[in-house]
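Colleague: Questions regarding the structure given below will be posed in turn.
The values are calculated or read from the model by the stated rules, or taken from the named source; none is laboratory data. These numbers come from a predicted model, not from an experiment. All Cβ positions, even for glycine, are placed from backbone atoms using ideal geometry, and neighbour counts span all protein chains on display.
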Amino acid sequence: MVSLRSTAKVDNANVALTATGLGTLQAAGTINLPYTTSGTHTVSVATTDNYGTATANSNFTVNVIAPAPAITISQPTSGASFTAAAGSTMVNVPFTFTTTSTNGFFVDSVSASLDGTSLTVGSTTGLGTATAVSTGILTGVAAGTHTLVAKGISAGIEVITSTNFTVTAGQLPPTVVINTPATGTIFTRVSGAAALSIPLAFTGTSTPISGVVTQLKASLNGTNLSVSSTTLGQRVATGAATMTVTNAGTYTIGVTAIDANGTASTTRTFTVVVVQPRNIYGTVFFDVDADGNYDCEDFDLSGISVRLLNSSGQVVGTDVTDCSGAYSFSGFAPGTYVIDAAGYAGLKASTASERTITVSGADVCVPKIGFSLDFAALKTMTAGGYTIGYWKNNIDKAIRGSTSGIQVSKTSLTNYTNGISSFALSPYDWMSFKTASSTMGYSGSTPDLLLSKQLLASEYNYQNGAYLNGNRSLTMLFLWWGEHVVANPSKFSSTYILWAKDWFDAYNNSHGGIVAGP
């Protein structure tokens, strides 16, 4: 008989059967079983001919194999912290993640994102194998907390992992500046003088408001200096040091400030030159006629204080004029200086009392400085003068040889007269008692003779120790002025001569009180 038809079922469900040889003595069939469900299954087939149906069963098992991919991020590690460069708010962060697959499956693709934004993975090795390693750089990551997500796919199965890290803005290091000496300063040392002691001052400042400067350092030509500071531990700290220099040359200062965020340094140079010492000298004179010129009847003035000031206004020398009116300062370097002369009470400058000079390659002679009488000051002074009558009365008694009622002995009067004869100018040279009595007894109205009358009495007061405010030198200058006027009446007006006469009259009538000049 021949087979007429064949059917098939799997797990009692009809399935398609492809039969060959139907209508012949032997037929065959095939079934396509595309099963993906794991487990044991039963296939049943049946063949029918003219005499009936025959069946057969067979069991088979399906095992389903799937990958189990995994992914890990090795950098940045979870909780990692990155600090931006000093003064920056961004940083570049490298990343690495590894994707693996199992059961003979391969890694098909990888991807990543930062804070939800897709990234371009720089490089991946091992795609199409069981292990893929991906690397890259997260560029310009701003300060804050960030999340990196990595994803891998194997056989359609997706695996994801993530890590968090933090970026901190970088703090600026401190700043440091040199306050003194100024840039390019040239210091001059006089050969043979002491070494220069040059002050150094500098300031370090911590950039963050909450920062503090913890250390200050300084050096000169690489050798450390001893730095003093009372402000360490504060945001702004100042340092001071002394640089001792002897030799000529260029020197380099280095200073450093340190805080928790770093170190700041700066340098500056200065120059030292060594020069030969120079001398400064000059004279001060009594300007008897106050005309500002050194005339024949003027003379050099002692006892005047003179100062030497440098270009910074610092006093670098003092002296007092000697009997020749001379002062001097020795051993000074080239530069600009000021000579400042100060007269004592009762005098005022008749020339410039300050002279600016320049010292260079030779000693300097300073132009003369003159002082004349300060009559406004004289008017406030006291003296112990006696009147013309007092002196004429005692001289007349000395001439007669009388000792009755005298206030001054003949011996004292003789000494006083001899002192007047050799005093100052010529009006009273070779003075005798009779000449003195005649001069003080003048009763006319000629101005210069009236002045001479008062002046002679004043000179006896001077010889007797009646000094203006106790100052013998000032009183001598006062009388010298009077002799100058008496000796040169043609140079002065009658008004001026009488004005001078009134001054000596006031001096003679002081009696221990104020010289009430005109």
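Colleague: Scanning for something buried (at least 20 other Cβ atoms within 10 Å of the Cβ), part of a loop (DSSP other than H, G, I, E, B), outside the structural domain of Leu216 (by TED's automatic domain parsing) and not hydroxyl-bearing (Ser, Thr, Tyr), does the range 308-323 turn up at least one residue?
Modeller: There is no residue in the range 308-323 that is buried (at least 20 other Cβ atoms within 10 Å of the Cβ), part of a loop (DSSP other than H, G, I, E, B), outside the structural domain of Leu216 (by TED's automatic domain parsing) and not hydroxyl-bearing (Ser, Thr, Tyr).
Colleague: Give the residue, chosen from Ala424, Ala376, Ala383, that is free of Cβ contacts under 8 Å to residues at least 12 places away in the same chain and under 29 Å from Ser350 (Cα atoms).
Modeller: Among Ala424, Ala376, Ala383, only Ala376 is free of Cβ contacts under 8 Å to residues at least 12 places away in the same chain and under 29 Å from Ser350 (Cα atoms).
Colleague: If you don't mind, there's one more thing I want to ask. Among the residues of the range 461-479, which ones are hydrophobic (A, V, I, L, M, F, W, C) and within 56 Å of the chain's Cα centre (by Cα)?
Modeller: Leu468, Leu474, Met476, Leu477, Phe478
Colleague: Taking Ser473, is it part of a helix (DSSP H, G or I) and touching a residue at least 24 places away in the same chain (Cβ under 8 Å)?
Modeller: Spelling it out, Ser473 is indeed part of a helix (DSSP H, G or I) and touching a residue at least 24 places away in the same chain (Cβ under 8 Å).
Colleague: Here is a further query. Please list, ordered by residue number, the strands (runs of 3 or more DSSP E) wholly in the range 126-241 having 3 or more residues that are at pLDDT 95 or above and either in the same structural domain as Pro76 (by TED's automatic domain parsing) or within 39 Å of the chain's Cα centre (by Cα) (or both).
Modeller: Correct list: 131-142, 144-154, 157-170, 175-180, 196-205, 213-220.
Colleague: Counting only residues that are under 25 Å from Val167 (Cα atoms) and β-branched (Val, Ile, Thr), which one in the range 99-127 is surrounded by the fewest Cβ atoms within 10 Å (Cβ to Cβ)?
Modeller: Thr117
Colleague: Continuing with the same structure: Among the residues of the range 211-235, write down those that are closer than 29 Å to Gln171 by Cβ and loosely packed, with under 15 Cβ neighbours inside 10 Å.
Modeller: Asn224, Ser228, Thr230, Gly233
Colleague: Next up: Failed condition for Asn293, given (1) modelled with pLDDT under 95; (2) farther than 28 Å from Val176 by Cβ; (3) in a loop (DSSP other than H, G, I, E, B), with all others met?
Modeller: Every listed condition holds for Asn293 apart from (1).
Colleague: Here's something else I'd like to know. Could you list, in sequence order, the residues of the range 70-113 that are in a loop (DSSP other than H, G, I, E, B) and either out of contact with any Ser or Thr (no Cβ under 7 Å at 6 or more places or on another chain) or closer than 16 Å to Thr147 by Cβ (or both)?
Modeller: Correct list: Pro76, Thr77, Ser78, Gly79, Gly87, Ser88, Thr89, Thr102, Asn103, Gly104.
Colleague: Can you go through Thr271, Thr267 and tell me which one is part of a strand (DSSP E or B), within 30 Å of Ser330 (Cβ to Cβ) and outside the structural domain of Ala86 (by TED's automatic domain parsing)?
Modeller: Thr271
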